[in-house]
Amino acid sequence: MPYYVRQNQGYWLKLKEKYNADVYASLWNEDGVYQEGDTVESFRKAYKPAILEVDNQEHFLNSFRFPCEEYHKSPNFFNTPNHFAHKNGRPYSTYYKIWRANLLPRMSGKDYDIIIRAETCSSYPDLDLEKNDSINIPYWHHVYNWGGYHSCNINNWVAYGSPELMDYYCSIFLYLRKYYGECFVQPIESFLNHHLFMRPEISLEFFNSRIYRKGVLNWNGRSDPADYTSEIPKGSFQIKVRDLEESYNTCIASWGKREEGYEFDLHEMKTPPDVPEGQWSNAKEAGNLEETGYHSLHKFSPEKKAKGDSNCGKVITDDYGNFIPVNKPKGSEKDEEESLIQKDPE
């Protein structure tokens with residue numbers, strides 16, 4: 001989707017110029033869902049893509065209502081947006097676009113050293129591209145502990161590597177219905193974890209960078225989020241998928257081996273779908289299944305997120321419109337409080 005385009009285009013355009021890169025994009029036709037000005041046309045003007053395709057999400061969801069309806073039941077600890085996303089096929093539309101976008105450079109007939117899977121809503125200003133034999137991803141993980149499941153999930157927002165490696169990385173869509181029956185489906189990054197574990201000899205290169213996402217400084221690139229003084233580490237490290245810690249493996253069978261005798265609260269699929277022939281529900285009768293419907297439930301606010309990341313509830317905005325959490329040095333709140341007491345004894 002074209003969203004948070006304004007906040008991130010400055011960073012991506014610098015990288016585009018630095019590496020003489022071409023832009024290929026596969027977008028949905030939903031404009032202005034998260035903020036005014038997020039449109040396909042604003043993306044086109046900013047990035048001047050070599051190929052841009054735009055799909056109608058309503059048509060896609062209508063055609064994919066069959067696999068969506070095979071999703072039967074969510075775990076009890078899923079919140080409403082989690083359930084909405086899986087019941088209505090949001091992972092299908094997400095991974096479909098990743099797969100489609102990766103096809104476009106192949107369609108151009110050009111040869112490339114590096115392919116970057118990116119999104120309009122995030123950017124990585126400390127990212128330096130390096131040609132190597134790995135899939136390169138940020139050293140920032142999605143860590144969850146829901147319903148007794150502790151899982152680490154590899155970052156799903158950006159990745160780069162050789163065209164061959166990125167062909168596999170971007171092919172989750174082709175396996176998605178299979179993966180629904182094999183892995184823990186939330187967060188959506190679990191599908192990426194599971195997909196990579198199917199190729200355990202793939203090398204991953206973790207790099208450090210600040211991360212801006214959805215109008216927020218999401219990560220400052222340092223080991224301590226409250227550290228705004230030290231340099232962002234320039235080094236990276238490599239690891240094989242097979243050597244990742246056990247908590248990265250989101251395969252249901254693996255969870256069963258780890259917790260024998262534990263009754264899992266997992267999602268359920270209809271296999272085969274328990275729906276009489278000719279009586280599939282009409283997607284239009286199910287309400288708004290598009291991104292606007294998801295956002296009405298999720299109600300993400302970048303300013304609220306940044307204030308939550310601040311240790312004093314304050315934010316500033318940068319030149320691109322990102323909300324930056326303000327973190328006071330440790331002990332400053334106490335000093336400030338003592339100063340107020342001295343000034344006003346009452």
Any pair with Cβ under 8 angstrom, 6 or more apart, that starts in the stretch 238-266 at a residue that is surrounded by 12 or more Cβ atoms within 10 Å (Cβ to Cβ) and ends at one that is β-branched (Val, Ile, Thr) and modelled with pLDDT of 75 or more
Lys240/Ile202; Val241/Ile202; Tyr248/Ile154; Phe264/Ile252; Leu266/Ile252
Report yes if some residue within the stretch 195-217 is touching a residue at least 12 places away in the same chain (Cβ under 8 Å), part of a loop (DSSP other than H, G, I, E, B), touching a Ser or Thr at 6+ places or on another chain (Cβ under 7 Å) and on the phi > 0 side of the Ramachandran plot; otherwise report no.
no
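So that you can scan it fast, the table gives a plain yes or no per residue for (1) of a type in the set (D, E, K, R); (2) closer than 22 Å to Phe300 by Cα:
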{"residue": "Asn29", "(1), (2)": "no, yes"}
{"residue": "Glu36", "(1), (2)": "yes, yes"}
{"residue": "Thr39", "(1), (2)": "no, yes"}
{"residue": "Arg44", "(1), (2)": "yes, no"}
{"residue": "Lys48", "(1), (2)": "yes, no"}
{"residue": "Ile51", "(1), (2)": "no, no"}
{"residue": "Gln57", "(1), (2)": "no, yes"}
{"residue": "Phe60", "(1), (2)": "no, no"}
{"residue": "Phe64", "(1), (2)": "no, no"}
Which residues, counting only those in the stretch 31-74, are of a type outside the set (Ser, Thr, Tyr) and free of Cβ contacts under 8 Å to residues at least 24 places away in the same chain?
Gly32, Glu36, Glu41, Arg44, Lys45, His59
Give the residue, chosen from Lys178, Lys131, Lys110, that is assigned to a helix (DSSP H, G or I) and among the basic types (Lys, Arg).
Lys178
Please name all residue pairs, on different chains or six or more residues apart, with Cβ atoms under 7 Å, provided the first residue is in the stretch 298-313 and is within 17 Å of Tyr3 (Cα to Cα) and the second residue is part of a loop (DSSP other than H, G, I, E, B).
Phe300/Lys214; Pro302/Lys214; Pro302/Gly215
Only one of (1) closer than 20 Å to Pro75 by Cα; (2) of a type outside the set (A, V, I, L, M); (3) surrounded by fewer than 21 Cβ atoms within 10 Å (Cβ to Cβ) fails for Tyr168. Which number is that?
(1)
Among the listed residues Val143, Val185, identify the single one that is without any contact (Cβ under 8 Å) to a residue 40 or more places away in the chain, closer than 22 Å to Asn79 by Cβ and among the β-branched types (Val, Ile, Thr).
Val143
Given the options Tyr124, Tyr180, Tyr160, name the one that is at pLDDT 90 or above and within 19 Å of Tyr96 (Cβ to Cβ).
Tyr180
Picked from the stretch 218-230 (must be part of a loop (DSSP other than H, G, I, E, B) and at pLDDT 85 or above), the residue nearest to Ala306 (Cα to Cα) is Asn220
Looking for something over 21 Å from Arg242 (Cα atoms), within 14 Å of the chain's Cα centre (by Cα) and of a type in the set (Gly, Ala, Ser) - is there at least one such residue anywhere in the stretch 155-177?
no
Pick from the stretch 178-215 the residues that are within 19 Å of Trp140 (Cβ to Cβ) and among the small types (Gly, Ala, Ser): which of them is farthest from the chain's Cα centre (by Cα)?
Ser203
So if I check each of Pro2, Pro105, which one is touching a residue at least 60 places away in the same chain (Cβ under 8 Å) and either surrounded by fewer than 18 Cβ atoms within 10 Å (Cβ to Cβ) or assigned to a loop (DSSP other than H, G, I, E, B) (or both)?
Pro2
From the list Asn145, Asn132, Asn136, exactly one residue is surrounded by fewer than 17 Cβ atoms within 10 Å (Cβ to Cβ), out of contact with any helix residue (DSSP H, G or I) (no Cβ under 9 Å at 6 or more places or on another chain) and under 25 Å from Pro225 (Cα atoms). Which is it?
Asn145
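The values are calculated or read from the model by the stated rules, or taken from the named source; none is laboratory data. Quick caveat, the model's predicted, so the values are computed rather than measured. Backbone-built Cβ (ideal geometry, glycine too); neighbour counts: all protein chains shown.
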